[in-house]
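The values are calculated or read from the model by the stated rules, or taken from the named source; none is laboratory data. Everything numeric in this text was worked out from a predicted model, so none of it was measured. Here the Cβ positions follow ideal geometry from the backbone for every residue, glycine too, while neighbour counts run over all protein chains shown.
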Amino acid sequence: MGSLFKKLTRSQLAIPLFALFLIVIFNLIRDPEFFSIAIATNNDGNTVLTGNLISIFNGASAVAILSIGMTLITSSCKGQDISVAAMAAIAGSVFVSVLRSNEITIPVILLAFFLSCVVAALFSLFNGVLVAVFKIQPMIATLILFSAGRSIAYWINGGATPTVSSPLLTSIGGFIPGIPIPTPIIIMVVFLILITIVLRLTNLGLYTQVVGISERTAHMNGISPVRIKLIAFIISGVCVATAGCITVCRIGLINHETLLLDAEMDVILSVAIGGNALSGGKFNIYGSVIGAYIIQALTVTLYAMKVPSAAVKAYKAIVIIVIVVFSSPVVKDFVFRTYKKLFKKQAEKEVQAKAA
Amino acid sequence: MRAKRILALILAAVLALGLAACGSAQANKDKDGLIKVGIVNNPPSESGYRAANVADFENVFIEANGYKVSTFYSLKNDEQLNAAQQFITDGVDYLLISAAATDGWTNVLESAKKAGIKVFLFDRMMNVDEGLFEAAVISNMEAQGKMAVQWLLDQKLPEYNVVHIQGAMGSDAQIGRTKPLDEQFSNGTMKCVVQQTATWDEATAKQIVESVINSGEKFNVVYAENDGMAKGAVAALDEAGITHGANGDVIVIGFDFNKWALREVLAGNWNLDVQCSPFQAQKIHEMIQSLESGGKLSDKIVINEEKYLDAATIKQEDIDKYGIGD
Amino acid sequence: MQNHIVLSMKNISKSFPGVRALKDVDFTLRKGEIHALMGENGAGKSTLIKVLTGVYPKDLGQVFLNIDNCLREINVKSPYEAQNLGISTVYQEITLCPNLTVAENMFIGRGSYQTVNWHTMKKRAAEILEKLNIPARATQQLDTCSIAVQQMVAIARAVDMDCKVLILDEPTSSLDEQEVEKLFSLMRDLKSRGVGIIFITHFLEQVYEICDRITVLRNGELVGEYEIKDLPRVQLISKMMGKDLEDVSALQKHKPVAEETDEPPVYEAAGLSSIECSNAFDFKIRKGEVNGFTGLLGSGRSESVRAIFAADRITGGKIRVNGKDIKIRKPKDAMMQGIGYLPEDRKRDGIVEDLSVRENIILALQVMKGFFKPFSRAEAEAFADEYIKLLGIKTPSTDTPIKSLSGGNQQKAILARWLLTNPQYLILDEPTRGIDVGTKVEIQKLVLKLAEEGVSITFISSEIEEMLRTCSRLIVMRDRKIVGELNGEEMTQDNIMHTIAGEA
């Protein structure tokens, strides 16, 4: 019991999991039915699962995917890319413009997705070069695309909010016939598995952390910090394209002004809530993903509570401040010490019992 | 091949963006009896609405109609002010302004008046004395909201349970389109199931409607303050298997008259779309012609005529004629 | 008698999760004495100091400080509080702000938080710097100074505070002899003014040169307190290590490798230069040879070996490894040729502080194996375990972050990292800096053992005795140039001094 608690409090995932747990409990008390999942038939005639739980996982997928790339950038570059949402608008626009100039078939969708990945990776690489080669602070370097990204998306769209519609796209943004789980959730899971495999089969995790903790040590041990940072940005580019395309498919529309509006802040928050230091170094991808789900769970909770429009952001901010403060080392240490004091006597008794 | 084309497109776009940023406000002296017009507007990238608005002015104010036009686009008020001052210095005959912000224009308009330049405001009002401009051609967001609410009341539903999805809080469109509905809510003629902002974001609108569906509360109207959010709401309805539109359980209302939105209305997926007209150029053109021929203007404030189209009456010609975008 | 005592610590105990760092330790400091606190790595010296200065809360025990000629119990909760009570510390690692000026570093964070008078501050700083003969300007940014000067600024900062107790934790480890002398004269000056000085060092000579009394700790326990005249060196060492010290005397001097062999040198450079080492130099080392670069701090010895490892950008030179022409442009090239480099600045270039001991040990081998071929957890664990045992690294587990290990154990872990790569040529830049006597001896023994097994080693140390003991050839540097080479019999302390001075 004691050692388990110790392990938990030391683990990076302790606080995010605890926060998620609290939100769940809060909702269950408020409405025992909150997390119930129902089966429904949608307007395309598919049997699908609905419910708040599905909504949370579904709604968070884009931010969760973005947070994976952001975690790598944060860890290696000791800073954040604030242009991810704007780049997602670019990627989504590329996706839509390819789809619109062709008949929509599976190969065309794959081509469109591939091209949007290439474009997003190139833009992200542009950020990466500024950060890794020219040593510009990430937030400053990415400010360029943060402000220009949506204008570039506008040019690609020719100034309108073009729509695309096809049952195939609905399958990506909604449900694949015969599968009751929303496709974005499936894509997110596949993405997470892929990144897990990448982290297992390569040294990306180790190198990224070494670069983030000490660039000089990395250099002295044959790791090129520039290369690792660029890899992080390229991976983030792919994340951006995926998130952008999913969001386009959800609605069947690209609106460069509102696509993933303000998502960069949610993404950075996910990384922070996940227990990753925004100053780089050690990271845990799963923490960030949990962070994304916490934010979405919070949003859905606030919707369900019918919090007035104008106050939603304030409520969100309060909860997030609480989470971030609780995950600070100061509070963690305090909790740990208090626990130790409370259970010290018990432990001593156990020792005595054993001795006897 | 395609990748190259798109890349080229993007590179070109980046370059063009740079050039546009350095865009200048040059006006040339005319010697051929053309009317010199300076237009200060927001850039077309602001929205689909703005793109249509800019295109409208580009179509009307042409040499064939007797105009020599200089245009300046910016989202920033101070840049707009400088450009307007420059137009005045260059000696234009007419100055047409859609201001980025409502304040700070008095000085510029005064110097225009001194220089004998006639000023028209379009799309947006500004905080200045009425004597400083000839006329303002503007949209009335509240009128749009009233139109939609009146249409709803005309449907004579046994009860109105409304999901109200708002735009970005505090924007003109949000305030105008929310007010008439709020009045119904407080009258008790309609019941507010949920009222939440989606900040014009389609995906957020979808999540809000999802959350209403999940809560199990009954609703029969989705009132979304623009087309995009209506589309997001419909996506949520579709996923939950709730029918909508002309023969469905839920009435869907959008705003802005995007062509794609009107096509949804035509197909009966949505019930109603209300216009937010970007077409002010023709009206201003008529007023200028009237002034040039010695006439007088009757009204200071001209409310842009706006209309609605519902599933029962819409025709393909309407879409071609009024729809914006493609 | 009471009022001669300035500080008294009684029955101090302190544990960390899994480690008992201090157990019932007593310590007494008198007015106007220099008191050496001795012990191996992990003996508890640093912990005792950190308890005293409020960095760590103590678990048990009492601390008394002489306030107005009367011993009062104090309970210090933060270094800031300690400072205000007159307990100042200069830590082993420099803890100043590198991007502030010297003057700012000397005065900021002290006394009241009211207005700062920049002019007076600068003037005062300049005075102190001049008084202590510190070669720095008050307005200079700190990180433009050498490490030695930075260390001296830290001491100046502590000294200027009206302190009763001055703690010097390894202050001399990065200072050269002249600088140490300056520091000592300063310490004597303070001593005569009645300041009690706690001096922690690994340099035995320095202890016997300047200290009055010695307290020895071992494994977190008090061994004893001695007058300096009652404790000869050998006894001191044996008390610190807990065993007799035939080890040190048994250290056999390395036999020079026969010069004339048909075998080409393991490593040979001609006209090598780098961006940090602009004077091109020639260098070679044979199989099983131990040679060293010596010279004063800043003479360019580190820069030279960094050029061999291509740690700085290479600007010219031809490299032959085992007789073959090789291009070494970046550290990885060198690593792939079987060259390892243990850097001078362990904290910045060596350890990856937040990562585990295991990850730190396997790092270099992992990089050589390749990006797409990570070791499995079991493999990594096995490597780490093997070398933790081999080098006797004291760590609770392979999972422990390396930053929570003591300096000597960190150094051993970095050494393990390079040994794991099975190098044919190992460059050790100050491997014994800032670590305890026992580990120093171990590392020197290891160097000789490796050489016997055929590994070529370049060894750099500020302690000339260590160099003499281990190296068979010394390359002497001055002002970033090689000024001489000493072989076999020529290698004496005198000769080295003269060569450095340019009088040979």
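Residues of the stretch B:101-128 that are closer than 17 Å to B:Phe57 by Cα and either in contact with a helix residue (DSSP H, G or I) (Cβ under 6 Å, 6 or more places away or on another chain) or among the aromatic types (Phe, Trp, Tyr) (or both): B:Val119, B:Phe120, B:Phe122. Residues of the stretch A:293-316 that are surrounded by 23 or more Cβ atoms within 10 Å (Cβ to Cβ), within 14 Å of chain B (Cβ to nearest Cβ) and of a type in the set (A, V, I, L, M): A:Ile295, A:Ala297, A:Val300. Only a single item in (1) without any contact (Cβ under 8 Å) to a residue 24 or more places away in the chain; (2) away from chain A (no Cβ under 14 Å) is not met by B:Ser45, and it is number (2). Figure legend. Inter-residue proximity from the stretch C:154-173: first residues touching a residue at least 24 places away in the same chain (Cβ under 8 Å), second residues of a type in the set (Phe, Trp, Tyr) and buried (at least 21 other Cβ atoms within 10 Å of the Cβ), beta-carbon distance below 7 Å, spacing 6+ or different chains. Indicated pairs: C:Leu168/C:Phe199; C:Asp169/C:Tyr91. Starting from the stretch A:183-198, keep only residues that are surrounded by 12 or more Cβ atoms within 10 Å (Cβ to Cβ), then list their pairs with residues that are charged (D, E, K, R) and at pLDDT below 95 whose Cβ atoms are within a distance under 6 Å, requiring at least 6 positions of separation or different chains. Close Cβ pairs (under 6 Å, with a partner that is charged (D, E, K, R) and at pLDDT below 95) do not exist here. Residues in the stretch B:222-264 that are more than 8 Å from chain A (Cβ to nearest Cβ) and assigned to a loop (DSSP other than H, G, I, E, B): B:Glu225, B:Asn226, B:Gly245, B:Ala246, B:Asn247, B:Gly248, B:Asp249, B:Asp256, B:Phe257. Residues that are over 24 Å from the mean Cα position of the chain (by Cα), assigned to a loop (DSSP other than H, G, I, E, B) and facing chain A (nearest Cβ under 8 Å) within the stretch C:327-352 comprise just one, C:Lys330. Out of A:Arg250, A:Arg200, one residue alone is at pLDDT below 95 and over 18 Å from the mean Cα position of the chain (by Cα). It is A:Arg200. Elements of the type strands (runs of 3 or more DSSP E) sitting completely within the stretch C:33-81 and holding at least 3 residues that are in the same structural domain as C:Tyr226 (by TED's automatic domain parsing), under 27 Å from C:His202 (Cα atoms) and touching a Pro at 6+ places or on another chain (Cβ under 6 Å): there are none. Filtered by the rule that a residue be over 29 Å from C:Arg320 (Cβ atoms) and either in contact with a strand residue (DSSP E or B) (Cβ under 9 Å, 6 or more places away or on another chain) or without any contact (Cβ under 8 Å) to a residue 24 or more places away in the chain (or both), the stretch C:361-372 gives a lone residue, C:Phe372.
Looking across the stretch C:353-387, just one residue is away from chain A (no Cβ under 13 Å) and within 21 Å of the chain's Cα centre (by Cα), and that is C:Val357. Only residues that are assigned to a loop (DSSP other than H, G, I, E, B), surrounded by fewer than 19 Cβ atoms within 10 Å (Cβ to Cβ) and not small (Gly, Ala, Ser) were counted in the stretch B:178-210, giving 1. Within the stretch C:365-378, the residues that satisfy the criterion of being of a type outside the set (S, T, N, Q) and either surrounded by fewer than 14 Cβ atoms within 10 Å (Cβ to Cβ) or touching a Leu at 6+ places or on another chain (Cβ under 6 Å) (or both) are C:Leu365, C:Gly370, C:Phe372, C:Lys373, C:Arg377, C:Ala378.
When A:Met265 is tested against (1) under 26 Å from A:Val164 (Cβ atoms); (2) in a helix (DSSP H, G or I), exactly one condition is not met: (1).
Only a single criterion out of (1) in a loop (DSSP other than H, G, I, E, B); (2) facing another protein chain (nearest Cβ under 8 Å); (3) in contact (Cβ under 8 Å) with a residue 24 or more places away in the chain is not satisfied by A:Pro180, namely (2). Looking at the stretch A:1-105, the helices (runs of 4 or more DSSP H) lying wholly inside it that each contain 2 or more residues that are within 11 Å of chain B (Cβ to nearest Cβ) and not hydrophobic (A, V, I, L, M, F, W, C) sit at A:52-77, A:84-100. Could you grab me the full set of residues in the stretch B:211-244 that are crowded, with 24+ Cβ neighbours inside 10 Å and of a type in the set (D, E, K, R)? The answer is B:Glu225, B:Asp227, B:Lys231, B:Glu239.
So which of A:Gly159, A:Gly174 is away from chain C (no Cβ under 14 Å), on the phi > 0 side of the Ramachandran plot and either among the aromatic types (Phe, Trp, Tyr) or more than 18 Å from the chain's Cα centre (by Cα) (or both)?
Selected residue: A:Gly159, the only one of A:Gly159, A:Gly174 that is away from chain C (no Cβ under 14 Å), on the phi > 0 side of the Ramachandran plot and either among the aromatic types (Phe, Trp, Tyr) or more than 18 Å from the chain's Cα centre (by Cα) (or both).
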